[in-house]
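Bear in mind that the values in this text are calculations on the coordinates, not laboratory data. Since the model is a prediction, treat every value here as computed from it, not as a measurement. Quick reminder, even Gly has a Cβ in these numbers, built from the backbone with ideal geometry, and neighbours come from all protein chains shown.
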Amino acid sequence: MPRKNRRESPFPRRHGANPSRAKLSAACLALTFAAKAALAAPPPVSVPIGPDDFETSQGSGAFGFLNNLQRSNYLLGDMWGLRTKLSEYGVSFGLEETSEVLGNVSGGARTGFDYDGLTQAVLELDTGRANAWYGGLFNASALEIHGRNVSADNLMNLQTVSGIEADRSLRLWELWFQQKFLEEDRLDIKIGQQSLDQEFMVSNNALYFVNTMFGWPMLPSADLPGGGPAYPLSALGVRFRARPIDQLNILVGVFNGSPVRNNSGDPQQQNASGTSFPLNGGALAIAELQYSYPALGSMVYAGDSQPLAKIYRIGIWYDTERFADQRLDDQGLSLANPTSSGAPLQHRGDYALYAVADQMVWRSEADPNRSISLFGRIMGTPQGDRNLIDFSMNAGLVFRDPFTYRTDDTFGVGMGTTHVSNRAAALDRDNFVYAGGFSPVRHTETYIELTYQYQVTAWWQVQPDLQYVFNPGAGVANPNGLPQRIKNEAVLGIRTTILF
């Protein structure tokens, strides 16, 4: 997540991260900043950390230490010279802790609050800065996930309320090498263990929010094997990115069809350490076309008019693995039929289409950092026979610098909705026919979220959050023996992020 001042962080994208901490003081770079911060431009290659990133004062004693804490981009500053020394060899190291308490005060299977947290460690080697060769970048990242999962414990919702919720584990996340080619770096190739939510289907505006679905959408989370190669999972593959003209980027990737060897059971437990590197499945191919205006990196000088920046994406993914029918068994009977074999009918392959739009709609003439942007993302598949979810969407508004003298704060309001496929809903009706009793038919689930990121210092962020979930689980039955659906859920919480 970008740090305050000058350089991009090595940290992978995370939901709820603040992608607009950077502030460029030069007027001629104001539009470049706005495009990067507001519009989810193609993820830049991380720049290794250097001495200028630490900005520590020369004070001494207790007051000098406190002043250093206030001015540094990191809680630990230069780590007693370690960061500067590593930078001399092209190596950068980052450590970030995200902790949160979230809970529902009404609705759900039960009420209550849970704590969960995520520690990320990232190590990068820039071959150019290491005086080896130009354009190479090695990246390795690890996760330590702790705490409980309030969505699983209390909510039983489809669109989980936190993008860092996951099974407790210490695991490798990504391990890849990227190489730039051609003049002006118009082509680059990345190979290795990758998480698709870092580059594909991304909206930087959406990443301000806490709910998982503003990061990796609901449709691939439910439909792809293992939930797809996205946090906290990843998959081996290769990704190509080309920039034929400044406004256009083309991303194409081919990955293992599943992030785990065995698609039965909890995928996070199937690959608990992130080191199994499966290649036994099919293939997941994904392609995305990105258009941005103004072109990323274009310069606008003082006195020039500053157009409202935008970026649009369209994409498609196709997975060649086998997918179980949502209603029928291998004999053509309903899976709810007592005479069913219980073995679902298998289908070969699955695909979906998506589109993402980010549009700045207002920017203050007096302060270019102060702006309002809208975003939207839709995804759908016509293959409802093999998919639990056939449509998902989220949208919202982000207001940067909402109050005077709070230039690094961000306010956001967003929503998301998802639809259970007709084939899965038909199985719900079959269950009612064959089993009787209270057996609701699932249809849609919708949530709204209000959030505010308060930048305490460059290295410390506090984010209060409110979410409300309509029709949790798309209308599942209350598990407490009551003949009713789970009631709507009001979820409150607070997140804190510290960059060490």
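Give me the number: length gained by fully extending His347 to Val105, i.e. 0.36 nm times residue separation minus the C-alpha to C-alpha distance, one decimal in nm.
82.9 nm
For Ile494 and Gln269, calculate 0.36 nm times their separation in residues minus their Cα-Cα distance, and state this gained length in nm to one decimal. Walk me through the intermediate numbers first.
Values: separation 225, 0.36 × 225 = 81.00 nm, distance 2.78 nm.
So the extension gain works out to 78.2 nm.
I'd like the FRET efficiency for Phe177 and Gln331, computed as 1/(1 + (r/R0)^6) with the beta carbon distance as r and R0 of 51 Å, rounded to 0.05.
Details: r = 48 Å, r/R0 = 0.95.
Efficiency for this residue pair is about 0.60.
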Under 5 Å from the placed amide H of Asn488, counting only residues 5+ away or on other chains, we find Asn471
Excluding residues on the same chain fewer than 8 positions from Lys180, give the aspartates and glutamates whose Cα lies under 12 Å from its Cα.
-> Asp126, Asp188
Roughly how many nanometres apart are two label points built 7 Å out from the Cα toward the Cβ at Gln247 and Asn262?
-> 5.2
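At a Förster radius of 51 Å, what calculated FRET efficiency corresponds to the Cβ-Cβ distance of Arg429 and Leu76, to the nearest 0.05? If you can, show how the numbers build up before the last one.
On the way: r = 58 Å, r/R0 = 1.13.
After rounding, the FRET efficiency stands at 0.30.
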Would you mind calculating the relative contact order of the range 308-348 from Cα pairs under 8 angstrom and at least 6 residues apart, reporting the percent as a whole number?
-> 37
Listed residue (Ile164, Leu224, Ser151) projecting farthest to the positive dipole end of the range 100-232, Cβ model = Ser151
Return the FRET efficiency for the residue pair Thr84, Gln383: r is the Cβ-Cβ distance, R0 is 51 Å, and the value is rounded to the nearest 0.05.
-> 0.45
Over the alpha-carbon set of the range 247-292, work out the extent along each principal axis and list the three values in angstrom, largest first.
-> 42, 18, 17
Report, largest value first, the span of the C-alpha coordinates of the range 135-180 along each principal axis, in whole Å.
-> 47, 21, 9
So how far apart, in nm, are the two label points at Thr404 and Ala283 if each is 7 Å from Cα heading toward Cβ?
-> 6.0
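Give, in whole angstrom and from largest to smallest, the semi-axes √(5λ) of the equivalent ellipsoid of the range 227-373, with λ running over the eigenvalues of the Cα gyration tensor. Write down the numbers at each step before the final one.
Details: eigenvalues 383, 68, 45 Å².
Semi-axes (√(5λ), whole Å): 44, 18, 15.
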With x for Gly and Pro, the residue-by-residue ³J(HN,Hα) of the range 449-461, computed from phi through the Karplus equation 6.51 cos²θ - 1.76 cosθ + 1.60 at θ = phi - 60° and given in whole Hz, is 9, 10, 9, 9, 9, 9, 8, 5, 9, 4, 10, 9, 10
List the chymotrypsin sites (Phe, Trp or Tyr not before Pro) in the range 73-152 that DSSP assigns to loop (not H, G, I, E or B) and whose Cβ has at most 14 other Cβ atoms within 10 Å. Which are they?
-> Trp80, Tyr89, Trp133, Tyr134
Computed from every Cα-Cα pair in the range 164-228, P(r) in 5 Å bins starting at 0 and rounded to whole percents is 4, 12, 18, 21, 20, 14, 7, 4, 1
Inter-part distance where the range 306-323 and the range 343-418 are each reduced to a Cα centre, Å | 12
Work out the length of the dipole vector of the range 379-500 about its Cα centre, built from +1 on the beta-carbon of each Lys and Arg and -1 on the beta-carbon of each Asp and Glu, and round it to the nearest 20 debye.
-> 220
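Going from the alpha-carbon gyration tensor of the range 62-216, what semi-axes, largest first and in whole Å, does one get by taking the root of 5 times each eigenvalue? Write out the running numbers ahead of the final one.
Working: eigenvalues 237, 110, 36 Å².
Output for the range 62-216: semi-axes of 34, 23, 13 Å.
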List, in order, the whole-Hz ³J(HN,Hα) value for each residue of the range 307-315 obtained from phi through the Karplus relation with A = 6.51, B = -1.76, C = 1.60 and θ = phi - 60°; use x for Gly and Pro.
-> x, 6, 6, 7, 8, 10, 9, 10, x
Please report the base-10 log of the normalised intensity I(q)/I(0) for the range 161-280, using a Debye sum with one equal scatterer per alpha carbon and no solvent, at each q in 0.13, 0.14, 0.16 (1/Å).
-> -0.55, -0.64, -0.81
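Which chymotrypsin sites (Phe, Trp or Tyr not before Pro) in the range 357-432 sit in a loop by DSSP (not H, G, I, E or B) and have at most 13 other Cβ atoms within 10 Å of their own Cβ?
Working: sites: Trp362, Phe375, Phe391, Phe399, Phe403, Tyr405, Phe411, Phe432; in loops: Phe403, Tyr405.
Here the sparse-neighbourhood loop sites are Phe403, Tyr405.
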How many nm is it between the label spots at Glu97 and Leu450, if each spot is 7 Å from the Cα in line with the beta carbon?
-> 3.1
